[in-house]
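Below is one structure, written out as structure tokens, with a few remarks after it.
Any read-out appearing in this document is the output of simple, stated calculations on the displayed coordinates, not a laboratory observation. No experiment lies behind these values; they were computed from the predicted model shown. Quick reminder, even Gly has a Cβ in these numbers, built from the backbone with ideal geometry, and neighbours come from all protein chains shown.
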Amino acid sequence: MAVIEVQDLHRSYRARTGILKRSVKEVAAVRGIDFTVERGELFGLLGPNGAGKTTTIKMLITLLLPTRGAARILGYDVVAQAREVRRRVGYVFGGDRGLYERLSAMDNLRYFAQLYGVAPREQRRRIGELLDLVGLSGRERELVEGYSRGMRQRLHIARGLLHDPDVLFLDEPTIGIDPIGARELRASIAALVDVGKTVLLTTHYMFEADELCDRIAVIAGGRIVAQGTPTELKGGAHDGHVVEVEVYGPAEVGARDVRALAGVRAVTVEERGQAQVLVVQVAPGAEVTHAVLSCLDGATVGKVATREPTLEDAYVALVRQA
Amino acid sequence: MTALATITPTAWLRIFFVGGLTSYRALFNWIRPAILIPTFVVLPVFQILLFVYIGRSARIESDEFFVIGNALQFAATPCLFAMADTISGERQQHTLSLILVSPAPRIPLFLGRSLPVIANGFLASAFALAAAGLLLGIRMPLAAVLPLVLAIAVTSLSCTGLGLVNAALGLRVRETAVLSNVIFGILLVFCGVNVPLARLPHWMAVASGYLPLTHGIAAARRMADGAPLNAVAGLIGLELLVGMVYVVLGFALLQVFERESRRTASLDRF
Amino acid sequence: MNVLRLIARGWLLQVKMMSRSAFNGVLQIVWPLFFATITFLMYGSTNQRALVSAAVGASVLGIWSSTSTSGAAVIQRERRQGTLELLVAAPAPFAATILPVTLAMSTIGAYSMVATFVWGRLLFGISVPLAHPLLLPFAVVVTIVSVGMLGFLLSVAVVRFRSAWALGNMFEFPIWLVCGFLVPLSLLPGWVRPISWLLAPTWGVQAIRAAMLGGSPLPAIGLAALCGAAYAGIAIGLSERLVRAARRDATLALS
């Protein structure tokens, strides 16, 4: 049985506009998505801001009711059996909100342990373990208002793990954390999967998704536009490559011609300082560098490089297409 | 303050009026019916009713005594709170330092901010006076209306003075809301709002003479009883004088604390 | 049992949080003292019984003040600090996470009760009679709990208003007046009386008065408890509906 099953899930919001003439507009945030996550899997949900990632997570952890479709966590329906779902899932979001600032980390954890019905006798041991796990031992008596961003984030993780949930939802957990802190956090997430937890992760950092996720769904405009292992999404890392060309001057015109070239899978234009960079994804075996350069005839061309495709290339291409 | 010399009178006036209104709207974006009605309609009326009934129960003074006392005090409250909220609000939005580094002259900068607040307090006061008068069936001589308006206006001004002092202290202390509430409470106890001055212990009665509100309320009560304006001119003058002393004191403190905050970097401390 | 423990823990943490804020700490004690002082000065020393009766009312008004002014904004505060979603996502009943907050607020208000009597004793020479010393603590606890329940009801009733805090302030004086804290109920117009009877603070202050000045506090204690239980029942129902509506309308998060 799949741990997370999502079938044709929809969610729309009502947005009110105007003060005098109230008009209600339905905004669809999630427009019919399907996916399943198996036990012990680390599943990534990638997508731009406003794509529907957080809305999806909130439906799965019972904070939002779907407007259509169904979702089950460990076999429990997120609408009809919300209580059962809540007992078994943990939720951690990034940023520094969601903590009681004027309480110590210890008090925050104790309170949530109580909320999740962790037996009083077990609380002390469990909290101690988690403080060790997230590296906050020794600081647990300090008020949270004095905590750094990274410490808060680690406290969030500890909070999400208090009741030893089978499934963890991590919504951009590494946002705003310094590189070393984020690296440690990623190690902790990987460790969770090693002990058999199922994790659903959203992130904006592609290398992070690439490093951690077993499978990824890319969501854009409320729909899943691609799904697969990171390797699959990269279009098979072994049989393709990427050509990057620095262009000074308008690159869009040339990009249109490049897209039409045989052997070119996708083209994106990125701003990089003074220059624009044409990122051309090339099918295996095709040799397009010369053709690309001739398309850019007239523009000043800087550095030209060939490299392995990354998840970010695939992601950018998918989201642009959507 | 040296910048004052280089700023033209029109610019000065613009800072006073437009700047005042803009900042008021920025900081008091909560002026909506959902807040206005509870805060400036329901609460004042019930405050008056509460004290009228205590007065009846304790068998002191007439209903009118409490209506006028509390109505004038409503003029005071917004001035007191709003001035301090100006400073602490700017501080919370991290805009205080931006304002203080600007070369804008301080007098129109701050007094301009008090103008909408005075208008606000004035309206609250007039409304409470009318509503409670209607509820309790209090008749006031029609001729007393204009002089009463004057009394309310002068009292609002003097309370703004105290509000400025409060605001200046806001540059120094974090919990200005506590301070505002304490000052509000002191005015409520000392200034003859509900407790007749004669019932105050001697030292409190003496102290009340140095606070805004006291003379304004006394003047308003006598005018409501039919005393002509010239009979209470002395009281109104005293109210104005007390208010001016606080305005000057407030600005002096603002100057001192502003300079000090540059030295001790306390401006953005939370 | 688990729910009770949760309420107790929540209450303890809330009391902790509140006592760490100067605003709550100082003001919660000082604010009621201003009104107590005014009341004492207005009643004067001529009528000792009326004065003591008013002193009881003045001591209790702080309990309602702290509950109403902050109670109305409880849920919005949780939403602002991002904890509301976490509370709802937990398997514990939502009511058990909000009730402790208003209970803690009414408990904090009890500080002012002691402060008022000390103040009245020291500055105004008000005697503190104890007709039923054993029933007094009981009456006080029942009053605090039932006022906390009223705050709980208020907090879930006003949550739809964006400016709930303004409503909280609005309810401060009316309850003081209508529940007969400072004025005998007999002085108010007759049509107010049924409203007073529905309000737990009315019975709470009567119970405390009877426990101090003499009379039988038990009926009033019972009625205060009854009101409190009724409020709790209604509020629990409302809070469940509230959470359901919030899941439907996506109003849990602040965005």
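When DSSP beta bridges are restricted to pairs lying wholly in the protein assembly as shown, around 70% turn out antiparallel. How many angstrom separate the Cα center of the range B:193-224 from the Cα center of the range A:140-184? Each part reduced to its Cα centre gives a spacing of 58 Å. Against the longest principal axis of chain C, how steep is helix C:2-19, in degrees 0 to 90 to the nearest 10, with axes from Cα atoms? With both axes taken from Cα atoms, the answer is about 70 degrees. Relative to the 2.2 N^0.38 Å rule of thumb, the protein assembly as shown has a C-alpha radius of gyration ratio of 1.15.
Convex hull volume of the Cα atoms of the range C:31-123, normalised per residue: 91 Å³.
Per residue, chain A reaches -9500 deg cm²/dmol at 222 nm when only DSSP H runs of four or more residues are counted, each adding -39500 (n - 2.57). Farthest toward the positive end of the dipole of the protein assembly as shown, out of C:VAL141, C:LEU4, C:LEU51, is the Cα of C:LEU51, where the dipole comes from beta carbon charges about the Cα centre. The distance linking the range C:119-160 with the range A:282-322 is 75 Å (Cα centroid to Cα centroid, whole angstrom). By the Cβ distance rule of under 4.7 Å, the protein assembly as shown has these cysteines without a partner: A:CYS213, A:CYS295, B:CYS191, C:CYS179, C:CYS227. For the range A:299-315, 3J(HN,Hα) computed residue by residue from phi via the Karplus equation (6.51, -1.76, 1.60; θ = phi - 60°) reads 8, 7, 9, x, 5, 10, 9, 10, 8, 5, x, 10, 5, 4, 4, 4, 4 Hz, glycine and proline entered as x. Within the range A:217-322, the GluC sites (Glu not before Pro) that combine a DSSP coil assignment with at most 12 other C-beta atoms in a 10 angstrom radius are A:GLU287.
Taken over the Cα atoms of chain C, the convex hull encloses 128 Å³ per residue. Applied to the range C:77-86, the Karplus parametrisation 6.51 cos²θ - 1.76 cosθ + 1.60 on θ = phi - 60° returns per-residue 3J(HN,Hα) values of 5, 4, 5, 5, 8, x, 9, 4, 4, 5 Hz, with x for Gly and Pro. Given their separation in residues at 0.36 nm each and the Cα-Cα distance between them, A:ARG124 and A:THR231 gain 34.2 nm when the chain is fully extended. Think of the range A:185-228 as having a plus end and a minus end, set by charges on the Cβ of Lys, Arg, Asp and Glu; of A:GLY221, A:VAL195, A:PHE207, A:GLY221 sits farthest toward the positive end of this dipole.
Value of Rg to Rh for the range A:1-140, rounded to two decimals, is 1.05; Kirkwood radius and Rg both from alpha-carbon coordinates. For the pair A:ALA80 and A:ASP34, label points projected 7 Å from Cα toward Cβ lie 2.1 nm apart. Here is the list for the range B:121-224: trypsin sites (Lys or Arg not before Pro) lying in DSSP coil, each with at most 13 other C-beta atoms within 10 angstrom of its C-beta, are B:ARG139. Volume of the convex hull of chain A (Cα atoms only), normalised per residue: 182 Å³.
Given R0 = 35 Å, the distance between the Cβ atoms of B:VAL173 and A:SER137 translates into a calculated FRET efficiency of 0.45. Of the trypsin sites (Lys or Arg not before Pro) found in the range A:1-86, the ones in coil according to DSSP and having at most 15 other Cβ atoms within 10 Å of their Cβ are A:LYS21, A:ARG22, A:ARG39. Bridgeable aspartates and glutamates around A:LYS234 (alpha carbons under 14 Å apart, same-chain partners fewer than 8 residues away excluded): A:ASP210, A:GLU211, A:ASP214, A:GLU308, A:GLU312, A:ASP313. Kirkwood hydrodynamic radius computed over the range C:59-202 comes to 16.4 Å, based on all pairs of distinct alpha carbons.
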